[in-house]
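Every number here is computed from the coordinates shown, using simple stated rules; none is lab data. The structure displayed is predicted, hence computed values, not measured ones. Note: ideal-geometry Cβ built from the backbone for every residue, glycine included; neighbour counts use all protein chains shown.
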Amino acid sequence: MDRAFTPDRRTLLAGAAVGTLGSIVLAGCGSDDSSSSGSGGGGSSAAPSAGGNGGSGGGGQTVASLDSIPDGQTVSVDNPNGGKLLLTRSGSTVTALSAKCTHQGCTVAPKNNVLQCPCHGSRFQPGTGAVLNGPAAAPLPKVPVSVTGNQVTLT
């Protein structure tokens, strides 16, 4: 007569420990957003973030002044909703991208006229977030912003 395998307590606890350890190791592959940000060369400079409305929706919250983003450059700023944003200016137009790498979530920063992930070397096009080289396969997500006067705000 065949008997179904029923694990004992020791086997169950060992499996749980391995699962927990695996989660901790995988969490170490990511990056919190306090890691490298700001300028990494190439004339980029970090822009200060300003407080917004304090709401969690993000709409209308100021993230930078237009003056703090050099024309033709990208800067990294704090997102009031968490993480970092990459703001690229072209004249009076500003585009915003999430700085969270689409490969494994590390914080991407401007470096030598590209957006570079310090963890695994993915590179992205400023302004569009298009992948220039992997391992990331997906572009950086766009974040809607608007420019009113000298203020760049989340929309």
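Taking only pairs six or more apart or across chains, which ones have beta-carbon atoms under 7 Å, a first residue in region 59-87 that is without any contact (Cβ under 8 Å) to a residue 24 or more places away in the chain and on the phi < 0 side of the Ramachandran plot, and a second residue that is in a strand (DSSP E or B) and among the basic types (K, R)?
Going by the 7 Å Cβ cut-off, the qualifying pairs are D71/R89.
Test of understanding: among T95, T102, T88, which residue is assigned to a loop (DSSP other than H, G, I, E, B) and either hydroxyl-bearing (S, T, Y) or touching a helix residue (DSSP H, G or I) at 6+ places or on another chain (Cβ under 9 Å) (or both)?
Within the list T95, T102, T88, the selection yields T102.
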